[in-house]
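Taking it in order: structure first as structure tokens, then the write-up.
Just so it is clear, none of the values below were taken in a lab; they were calculated from the coordinates. Model, not experiment: these values are computed from the prediction. A quick note on method: Cβ atoms are made from the backbone with ideal geometry, for glycine too, and the neighbour counts reach across all protein chains shown.
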Amino acid sequence: DEAESDSVKRKYTIFQKTRYKSYRQKKKKMSIVINRMEFENYFRLKKPYLDPKFRIDDLVDTFNACRSVISTFVNKTYGMSFSWYVNSWRLDEIEKLMNIKSNNNKVSEKLVLKAGFGSYRNYMRVKSYFMNNKKVDKCT
């Protein structure tokens with residue numbers, strides 16, 4: 001029951017970091033909030049991971065947060081680095097593409113590139129990592 005309640009709580013993580021404009025002006029603080037549901041919906045709907053050159057910098061304007069805040073959010077919420085998080089979405093995309101009848105449940109170089117991986121070798125490395133580690137717990 002405890003593990004289940006922790007899982008439910010984590011599905012709605014809101015990460016907030018307070019940043020001060022200067023040490024003397026602590027009263028003028030800015031709060032940066034990243035909502036887990038919004039973050040995952042962005043990935044689900046916009047599919048930025050399909051671009052092999054996608055970087056954490058590409059999210060700075062979208063979430064109005066600096067790289068370190070986004071990185072910390074992903075690390076604390078999902079227990080992995082941003083790049084591994086992106087790769088988890090790419091693996092999910094490969095599974096969807098494989099299930100299309102015309103692809104005959106086979107992974108090809110074409111499918112790997114379509115899912116956002118830079119190369120087949122990179123796909124194999126990521127797949128191996130996730131087979132040996134737990135799957136990412138995403139909100140549904």
> Taking a label point 7 Å from the Cα of ILE32 along the Cα→Cβ vector, which residues of region 57-74 have an amide N closer than 12 Å to it?
Replying inline: 57, 59-74
> Got a sec? Charge dipole of region 33-125, +1 on Cβ for Lys and Arg, -1 for Asp and Glu; which of GLY118, TYR85, TYR49 is way out at the positive end?
Replying inline: GLY118
> In the structure displayed, which of LYS53/LYS127; LYS76/LYS96; LYS46/LYS106; LYS46/LYS114 lie more than 23 Å apart, Cα to Cα?
Replying inline: LYS76/LYS96; LYS46/LYS106
